[in-house]
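Here, each number is a calculation from the coordinates, and none is a lab measurement. Fair warning: this is a prediction, and the values are worked out from it, not measured in the lab. Note that we place each Cβ from the backbone using ideal geometry, even for glycine, and neighbour counts take in every protein chain shown.
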Amino acid sequence: MDWLPAALSVAVIVAESTATMSAENTSRWLYPLWARLFGPISTPHWAEVHHLIRKTGHFVGYGGVSVAFLYGWLRTLHRRCGRYRPIWLRAAFLAVSCTLLIAILDEYHQSFLPSRTSSPIDVCIDLCGAIAAQLLLLTWSRSWRRQDSLSDRISTAT
């Protein structure tokens, strides 16, 4: 069960790595949604917006994959080591490494599909999303620990 989120996130990547999620196909349903929300735009502007939406999807999606792998690694390493604090950075490194491997394999797979393109830039965007997600979680967890520590000091002082 510890690895179920990671397995599901990889399954989503596999599903999105098909011809169904090619730029041509996503434009068919994203443009009407965009036009309904923000109004119609010219074809050249839509091409730019669509490109940004797709690259943002890479960044956010692989950030989520990285978080799912972090969960699995934290749970696994916690069982082996019995502590969370010393394993956090190791788990984050392993999560980013797994995410990078998935991104590379995804782009390699897409290189064989005629309706898809393979790009090392996408791998870099994916990696940046994974690292950003880990940094956000690390920042959040440190802030959370500081608040708990402050609460403990306040409650023991009174």
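Restricting things to alpha carbons, tell me how big the stretch 58-135 is in terms of Rg and Dmax, in Å.
14.0, 48
Count the net charge of all other residues whose Cβ sits under 15 Å from the Cβ of residue 43, scoring Lys and Arg as +1 and Asp and Glu as -1. Walk me through the numbers before you get to the answer.
Working: positive: 28; negative: 24, 48.
Around residue 43, the charge tally is -1.
Using the crude model of +1 on Lys and Arg Cβ and -1 on Asp and Glu Cβ, and no other charge, please compute the dipole size for the stretch 1-89 relative to its Cα centre, in debye to 20. Could the numbers behind the result be given before it?
Values: 9 positive and 4 negative charges, 102 e Å.
The calculation lands at about 480 debye.
I need the fraction of alpha carbon pairs in the chain separated by more than 27 Å, rounded to a whole percent.
Summing the P(r) tail past 27 Å for the chain gives 39 percent.
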